[in-house]
Amino acid sequence: MKRTIDYTPLLTKPSKEEVAAYRTRATATSRPSASVGAGTVVLFIAAGSVFFAVIGSVAVLIFGLVLLPSGDAAAGSVIAAVVPLGIILGIAAILIVSARIASRSGGWELWARLDKFATANGMIFSPRDPNPQYPGAIFNIGDSRRALNHFRSASDRYLDIGNYSYSTGSGKSRSSHSWGFMALHLDRKLPNMVLDSKANNGLFGGTNLPAIFTKDQLLSLEGNFDEFFRLYCPKQYERDALYVFTPDLMALLIDNAAPFDVEIVDDWLFVYSAAPFESADPAVYQRLFRIVDTVGSKALAQTERYTDERVGEFAMNFVAPQGQRLTRGVSVGAIVLTIVIAAFWIAPNLLAFGELFRP
């Protein structure tokens with residue numbers, strides 16, 4: 001599965017003609033993913049301009065009614081000079097912020113470079129695709145789900161590398177979550193297993209993953225593997241996990257994927273980064289393709305004959321229901337926080353209730 005990757009397009013700034021050609025192709029396909037950034041900027045500019053125009057008009061009206069009737073000619077001169085200047089400065093600020101938004105959302109030059117890199121390596125680039133249908137732990141949570149600046153294999157085995165974001169909550173508690181991810185399609189369906197990297201966990205060792213798994217599914221492996229990862233596998237599937245995670249695969253995981261979380265679910269192998277990947281950095285893709293060539297290739301070879309003994313037939317390529325998903329748990333931190341909030345809410349009410357019966 002090892003491939004030769006040409007990183008030259010990532011190191012070469014595309015010409016204006018190349019950027020224009022990519023923009024023309026992307027626009028011609030009517031793909032909203034390539035035009036969302038520009039549309040957002042245009043809307044932001046229009047809304048901001050209207051806002052400052054209205055504020056400016058109101059300011060002129062108020063100052064005119066209050067100051068000008070009093071005969072304060074100087075005040076009138078100040079109004080005539082300052083209000084238009086304020087409107088101009090406000091619109092200029094909107095333009096600057098809009099340019100930064102466009103830059104952060106990708107920008108046509110970056111997209112043209114990534115598209116050229118994808119084409120040179122037999123892949124397909126997409127700047128933004130809504131709601132990718134993957135079964136992994138970071139997917140299918142919240143709303144506004146989308147894959148960003150990602151590459152998919154155009155042929156051969158399915159591979160997807162890029163960034164992913166989603167939002168949770170509402171109102172003031174609404175927040176956005178961003179990840180880097182790699183998805184590799186496997187040949188066989190396997191029990192759900194998660195390698196929770198200790199390198200990216202919280203201060204007190206809590207997982208950074210959005211899913212919590214019950215501790216009775218933890219499986220300790222030989223050597224120093226437990227210093228780098230916590231392995232979760234469904235109960236009664238411990239022997240299956242040992243069949244997959246052989247000492248040579250464990251060594252490859254430690255050498256190449258220690259900073260990342262790894263999940264096997266159904267016939268997929270996912271690698272998760274707690275921070276989004278830097279989209280135009282060759283070193284990032286060198287590491288990810290190295291993981292594909294080492295960890296991915298070994299996982300494929302190790303599982304090519306896997307059969308769930310509870311099913312018993314290789315041709316079915318099926319995992320029994322009890323092994324398909326890990327059992328989810330509840331964060332201890334969330335429980336403690338709930339108790340503290342409840343205590344602060346209940347205590348004053350108990351005191352007030354006690355006052356009713358005081359003689």
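The values are calculated or read from the model by the stated rules, or taken from the named source; none is laboratory data. Just so you know, these numbers come straight off a predicted model, no measurement behind them. Quick reminder, even Gly has a Cβ in these numbers, built from the backbone with ideal geometry, and neighbours come from all protein chains shown. Just the protein is used for accessible areas: all its heavy atoms, side chains included, with ligands, DNA and RNA removed. Shrake-Rupley method; radii C 1.70, N 1.55, O 1.52, S 1.80 Å.
What part of the accessible area of region 128-270, given as a whole %, is carbon or sulfur when the probe is 1.4 angstrom?
Values: 3120 of 6100 Å².
With neighbouring chains kept in place, the figure for region 128-270 is 51 percent.
Taking Cα pairs under 8 Å and at least six residues apart, what relative contact order does region 118-192 come out at, in percent? Intermediate results must be reported in sequence, preceding the final value.
Details: 138 pairs, mean separation 17.8, N = 75.
So the answer I get is 24 percent.
Enumerate the amide H contacts of residue 186 below 5 Å, restricted to partners 5 or more residues apart or on another chain; note that Pro and chain-start residues carry no placed amide H.
Answer set, sorted by chain and number: 268, 269.
Order 188-195, 131-138 from most to least packed using the mean count of other Cβ atoms within 10 Å. Walk me through the intermediate numbers first.
Details: 188-195: 23.5, 131-138: 17.8.
Sorting 188-195, 131-138 by mean packing, highest first, produces 188-195, 131-138.
Using a cut-off of 22 Å between alpha-carbon atoms, which lysines can reach residue 2, once sequence neighbours fewer than 8 places away in the same chain are excluded?
Straight-line reach from residue 2, under 22 Å: 116, 298.
What ranking, highest mean first, results for peptides 115-121, 165-171 when packing means the other Cβ atoms within 10 Å averaged over each residue?
Numbers: 115-121: 19.3, 165-171: 12.9.
The most tightly packed comes first, giving 115-121, 165-171.
Taking a 1.4 Å probe, which of 185, 150 shows the most accessible area, and what order do the others take after it? It would help to have the intermediate numbers written out before the result.
Values: 185 60, 150 5 Å².
So, going from the largest accessible area down, we get 185, 150.
Once Lys and Arg get +1 and Asp and Glu get -1 on their Cβ, which of 277, 258, 291 lies farthest toward the positive end of the dipole of region 229-305?
258
If you count only protein heavy atoms with a 1.4 Å probe, what accessible area per residue comes out for region 205-328, rounded to a whole Å²? It would help to have the intermediate numbers written out before the result.
Working: 5590 Å² over 124 residues.
The answer is 45 Å² per residue.
Once amide H atoms are placed 1.01 Å from N in the peptide plane, what residues at a sequence separation of 5 or more from residue 134, or on another chain, have their amide H within under 5 Å of its amide H?
Answer set, sorted by chain and number: none.
Using the per-residue mean of other Cβ atoms lying within 10 Å as a proxy for protection, in what order, highest first, do the peptides 285-295, 8-18 fall?
By packing density, highest mean first, the sequence is 285-295, 8-18.
Short version: ³J(HN,Hα) in whole Hz for each residue of region 316-328, in order, from phi by Karplus 6.51 cos²θ - 1.76 cosθ + 1.60 (θ = phi - 60°), x for Gly and Pro, what are they?
6, 6, 9, 10, 4, x, 5, x, 6, 9, 5, 7, 7
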